[in-house]
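Enquirer: Structure provided below as structure tokens; questions to follow.
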Amino acid sequence: MIVKAFSSSANLGAGYDILALAHDAFEDTIEIYVQNSSELDIKVEGNGVPLSIEKNSASFALLELLRSYDIKAKIRLKIIKGIPAGLGLGSSGASAAAAVYAANEIFKLGLSRQELVNFAMKGEIASSGSPHPDNVAASLVGGLVSVLNSNPVKVEQVPLNLEFQIILIIPFVRIEAKTKKAREMVPKQIDTSKYVTNARYLSSLLLGFIKGDRELVRLGLNDEIIEKAREPLFPHYPKIKEISLLYDAIGACVSGAGPTIAIFVDSKSDKNKILGESLNVCKAYGYECTYKIAKVSGGAWVERRD
Ligand SMILES: Nc1ncnc2c1ncn2[C@@H]1O[C@H](COP(=O)(O)OP(=O)(O)O)[C@@H](O)[C@H]1O
Ligand SMILES: N[C@@H](CCOP(=O)(O)O)C(=O)O
């Protein structure tokens, strides 16, 4: 069986560990081959990803799912990475999402996409040390998702009534265990005033997407806590955000834990100026940088059943 899952941008300003948006910028492919066996045995194949079961987000999530159903089988898990890892594009999450989606189909477990999030998120322990559910939820469910509860995980899709594309500015800045490090930078305590400001941003962002109100999204795509704490990881962000707003983007935020920057644009935005000047910022920092212009995508899907 061949299953694919798209990349995602998590957090979206004040939605740390809550919001994530699936987009068609990149996709991972999982090929899974199963033989009968009295034992559970998983073999990981692939390039550019850990091949140890405990260190690969896809196999770690798959192991969790199969163990919880006491499934015994000999499994070959081939991961064909299309989503560059460590750049804030939900790469580890997409693999985990595709792997559990495939197992659900092959072993006819009958779990919903939302229920599969509980298992896929475990894969993020392998990649970042913590089971953050946002990226995997977007890659499984599709669209814009909000994580409403953590244990058990409850995920809902947010209705999107606003037309937009996402310009992803992708600096090839490789930081070992980037998301793990970024999560350690998150403050353990915050001022109530900052919490209230961020809650207002999140409220405005969600209302903007649901009502199709561009100005509410623009107001909401901000964050006073996480992005600020993590700024040393992406010094290029403030200038790119300034340029985006200058040329009438809807808004801009850090994609996940970065370094990728997600810029929301529509017909009112001067996309060429935004893209050109943002890439110049990357160059000024000495980064090799690429970009993608993406749109919102669906969740994981079966490419081939045999
Ligand atoms: N299947 C996988 N796909 C991508 N990265 C993986 C996978 N399994 C483990 N990893 C590890 O996870 C890290 C990338 O994940 P993360 O730091 O969360 O960044 P991102 O999700 O932005 O790609 C890398 O260190 C990579 O080796
Ligand atoms: N909520 C997480 C999201 C990490 O996204 P990634 O694409 O950078 O892995 C966090 O901010 O830690």
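Enquirer: Please enumerate the residues belonging to the range 39-74 that are more than 16 Å from Ile106 (Cα to Cα) and small (Gly, Ala, Ser). If you could, list the steps in order and put the result at the bottom.
Expert: Just the residues of the range 39-74 that are more than 16 Å from Ile106 (Cα to Cα), to begin with: 39, 43-57, 60.
If the condition is that a residue be more than 16 Å from Ile106 (Cα to Cα) and small (Gly, Ala, Ser), then Gly46, Gly48, Ser52, Ser57 are the ones that fit.
Enquirer: Also, I was wondering about something else. Pull out all pairs, ordered by first then second residue, where Cβ-Cβ is under 7 Å, the residues are six or more apart or on different chains, the first lies in the range 82-103 and is under 21 Å from Pro171 (Cα atoms) and among the hydroxyl-bearing types (Ser, Thr, Tyr), and the second is within 11 Å of ligand 2 (Cβ to nearest atom) and part of a loop (DSSP other than H, G, I, E, B).
Expert: Pairs found: Ser91/Ile83; Ser91/Pro84; Ser91/Ala85; Ser92/Ala85.
Enquirer: Further question: Would you mind finding the one in Ala22, Ala10 that is crowded, with 19+ Cβ neighbours inside 10 Å, touching a residue at least 60 places away in the same chain (Cβ under 8 Å) and touching a Ser or Thr at 6+ places or on another chain (Cβ under 7 Å)?
Expert: After applying the criteria, what remains is Ala22.
Enquirer: Then there's this: Test of understanding: among Gly276, Gly286, which residue is farther than 27 Å from Leu206 by Cα, not assigned by the TED database to the domain that holds Tyr101 and not in a loop (DSSP other than H, G, I, E, B)?
Expert: Step by step, each of Gly276, Gly286 is checked, and only Gly276 is farther than 27 Å from Leu206 by Cα, not assigned by the TED database to the domain that holds Tyr101 and not in a loop (DSSP other than H, G, I, E, B).
Enquirer: Does the range 40-59 contain any residue that is within 23 Å of Ala138 (Cβ to Cβ), open to solvent by 40 Å² or more (accessible area, probe 1.4 Å) and in a helix (DSSP H, G or I)?
Expert: Checked the range 40-59: no residue is within 23 Å of Ala138 (Cβ to Cβ), open to solvent by 40 Å² or more (accessible area, probe 1.4 Å) and in a helix (DSSP H, G or I).
The values are calculated or read from the model by the stated rules, or taken from the named source; none is laboratory data. As the structure is a prediction and not an experimental result, all values here were calculated from the model. A quick note on method: Cβ atoms are made from the backbone with ideal geometry, for glycine too, and the neighbour counts reach across all protein chains shown. The protein model used for the area step is the full one, side chains on, heavy atoms only, and it has no ligands, DNA or RNA in it. Shrake-Rupley method; radii C 1.70, N 1.55, O 1.52, S 1.80 Å.
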